[in-house]
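In what follows, a single structure is set out as structure tokens and then discussed.
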Amino acid sequence: MRALIRNVVLPVHRWTALSVGLVALWMALTGLGLLFRAQLDPALDRGLETVAACSSPRPLDELVARARLAHPDGVLRLVGIEGSPTRSTWVRFANGDTVYADPCSGRVLGDLNKYRGLFGTLEYLHRLEFLAGASHAAAGTVALAFALIIVIGGLAIWWPVSLKGLRWSITFAMRPAGRARLMRIHRATGFWICLIALASALTGPIDSFHWYPRVIEAVTDSAPGHPRPAAVAVSRAPRLTLQALWQHAQQVTPDPQEALLLMPKSAASPVELDIIERSAPNHQAVSFLYLDPHSGRVLGFAPYAASSLANKIMTWGIAIHAGQAGVPAQMALLAGVLGILVLGYTGFSSYIRRRRGARRQRTRAAPLNVHT
């Protein structure tokens, strides 16, 4: 077994770390910048997100009309409604441009693309969005390769053969110096952060591959996600206003933390609202509501609390990965990301020193070979 690890697992681990590992370090660095976004974003974008409270906000249709004046050629994608009286309402277009409006006065506060600004740019880089259509697959593949080959493969290489070796492998030491010290720090760091690194890497691909949620559903023996209702009958009756649809939604979920009202993609599509209820345990615990655009009749409602075990696992996984599961989870991720950076530095430095040492040995041996 040790021969298999030395001859197969070790080379695969090393070369994966020298290739995929570079991208994983990129994602770790950008993820580090996003870790405390929930706490810092409102302060950084205070001028866009914070407004004076009022008791009678303007209708959603008026706010959307004002947003359209700023983007007359934009394709409307959704309206974001916050559950706090001091938060702005935002209107997003298909290209990611987002217009923020004061729900009390209707005044446009400004606009910002979802991938602009400090945290928007970090998210763009972290998700590898510059790869266009291949971004999700690339990010998911990197995360899985990091988890399966670098982390689990590294643990297989590290695994000590005795209790004494275990104690030696999990302690940090500054001696001996040189490459031996780097490798000891590398091994000990890998042990202490392996579970955090695995949790982060294995939750990242949930949004990357269609098959990944299906695997989680199969493992947990859970039913698939909520069924989307069938298309609505095309009617000559006028469509309800956005404000009327929102009032119908409030009859189902009276006081949500946040709601996204998505624009129907066709005349036969129901209106979808993604709602975070007050009782939601995290910002990814979404309840889905579907309304008839002509009558406001409820076509389907899938509250998060009644969702399957698989959905709850995926919800918590995404929340933990995104730093939205509370301060303790954020601090654990912070330790994990810093540990990944240490692993990257010690691993690459050790490899470079190993190559330099081998080159010096060949240089010293060269005159002997010529003489003989």
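Once R0 is set to 51 Å, what does the formula 1/(1 + (r/R0)^6) return for the Cβ-Cβ distance between residue 95 and residue 174, expressed as a FRET efficiency to the nearest 0.05?
Efficiency computed from Cβ-Cβ geometry: 0.45.
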Practice item. Tell me which label goes with the value of semi-axes √(5λ) of the Cα gyration tensor in Å computed from the coordinates here: (i) 26, 25, 23; (ii) 51, 22, 19; (iii) 89, 32, 16. Key: (ii)
Exercise for review: Sort 157-166, 213-222 for me by packing, meaning the mean count of neighbouring Cβ atoms within 10 Å per residue, highest on top.
Suggested key: 213-222, 157-166
Practice item. Write down the radius of gyration of the stretch 204-296 and its Dmax, each obtained from C-alpha positions, in Å. Key: 15.6, 46
Check your understanding: Residue-wise, which Karplus ³J(HN,Hα) couplings in Hz belong to the stretch 191-198, taking 6.51 cos²θ - 1.76 cosθ + 1.60, θ = phi - 60°, and x for glycine or proline?
Key -> 5, 6, 10, 4, 5, 5, 4, 5
Practice item. Convert each backbone phi in the stretch 12-23 into a coupling constant with the Karplus relation 6.51 cos²θ - 1.76 cosθ + 1.60 (shift: θ = phi - 60°), then list the ³J(HN,Hα) values in order as whole Hz, x for Gly and Pro. Key: 5, 4, 5, 6, 5, 5, 6, 10, 4, x, 5, 5
Review point. Given H placed 1.01 Å from N in the peptide plane, which residues other than close sequence neighbours of residue 89 have an amide H under 5 Å from its amide H?
Key: 101
Check your understanding: What percent do you get for the relative contact order of the stretch 126-240 when only Cα pairs under 8 Å and 6+ apart count?
Key -> 28
Exercise for review: From the C-alpha gyration tensor of the stretch 271-314, pull out the three semi-axes of the equivalent ellipsoid (sqrt of 5λ each), sorted largest to smallest, in whole Å.
Suggested key: 22, 11, 7
Point to revise | Positive minus negative residues near residue 8 (Lys, Arg vs Asp, Glu; Cβ under 14 Å) | key: +3
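Would you order 364, 14 from fewest to most other beta-carbon atoms within 10 Å of each residue's own beta-carbon?
Numbers: 364 9, 14 19.
By the 10 Å Cβ count, ascending: 364, 14.
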Review point. What's the exposure ranking of 241, 253, going from fewest to most Cβ atoms within 10 Å?
Key: 241, 253
**Study point:** Cysteines in the chain that, by Cβ-Cβ distance, have no pairing candidate under 4.7 Å
**Key:** 194
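Which net charge results when you count Lys and Arg as +1 and Asp and Glu as -1 among the other residues whose beta-carbon is under 10 Å from that of residue 271? Kindly include the intermediate steps, with their values, before the conclusion.
Details: positive: 239; negative: 272, 292.
Net charge in that neighbourhood comes out at -1.
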Point to revise | Whichever lysines have a C-alpha closer than 27 Å to that of residue 114, once near sequence neighbours (fewer than 8 apart) are set aside | key: 265, 312
Exercise for review: Please find the FRET efficiency linking residue 255 to residue 364, where r is the Cβ-Cβ separation and R0 is fixed at 56 Å, and quote it to the nearest 0.05.
Suggested key: 0.15
Practice item. Treating each Cα of the stretch 59-213 as an identical point scatterer and ignoring solvent, apply the Debye formula and state log10 I(q)/I(0) at q = 0.08, 0.13, 0.16 Å⁻¹. Key: -0.45, -0.79, -0.95
Revision key, fill the gap. With only helices counted (DSSP H, runs n ≥ 4, each -39500 (n - 2.57)), the per-residue ellipticity at 222 nm for the chain, to the nearest 500, works out to -16500 deg cm²/dmol
Check your understanding: What does the highest-first list of 225-232, 179-186 look like by mean Cβ count within 10 Å?
Key -> 179-186, 225-232
**Study point:** 168, 246 arranged by Cβ crowding within 10 Å, fewest neighbours leading
**Key:** 168, 246
Revision key, fill the gap. Total charge of the residues flanking residue 257 in space, meaning their Cβ is under 9 Å from its Cβ, with Lys and Arg +1 and Asp and Glu -1, is -3
Check your understanding: Between residue 166 and residue 69, what is the label-to-label distance in nm when each label sits 7 Å out along the Cα-to-Cβ direction?
Key -> 7.0
**Study point:** Burial ranking of peptide ranges 126-136, 191-201 (average Cβ count within 10 Å, highest at the top)
**Key:** 191-201, 126-136
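Any read-out appearing in this document is the output of simple, stated calculations on the displayed coordinates, not a laboratory observation. Treat the numbers as computed from the prediction; the structure is a model and nothing was measured. When we count neighbours, we look across all protein chains shown, and the Cβ atoms used for this are built from the backbone with ideal geometry, even at glycine.
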